[in-house]
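In what follows, a structure is listed as structure tokens, so that the remarks can point back to it.
The values are calculated or read from the model by the stated rules, or taken from the named source; none is laboratory data. From a predicted model like this one, the values you see are computed outputs, not experimental measurements. All Cβ positions, glycine included, derive from the backbone under ideal geometry; neighbour counts span all protein chains shown.
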Amino acid sequence: MNTTTTNYHAGSNWIAFLFGAVFNVLPHIDLTFLIDYILQAIVGGLICLGFKILGDILSPLWLKQKQKVRNFTRARKIRISKRRSHDKG
């Protein structure tokens, strides 16, 4: 007597269940609200990305200018202090 056993996995139909659940919920969703929300998310993301890129571009320029000003003020302080020490002597 030949008997065959089959392994039945209860989780094998999860894709069918997922599609059934999605298509059951879809008619109850207001698509205009969903499209509006998607557009707002895309525009907000693009604005955020624009500020990020702008910051990445301007940050090194800002740091260079800041370093130039810092170096200029240091050199000026040294020159002023040397003049004062020469004036006293």
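Identify, please: which residue in the range 5-25 is at pLDDT below 65 and of a type in the set (S, T, N, Q) and is, among those, farthest from the chain's Cα centre (by Cα)?
Once the filter is applied, the top-ranked residue is T5.
Just to check your reading of the model, which residue among G45, G55 is at pLDDT 95 or above and either surrounded by 10 or more Cβ atoms within 10 Å (Cβ to Cβ) or not hydrophobic (A, V, I, L, M, F, W, C) (or both)?
Exactly one residue qualifies, and that residue is G45.
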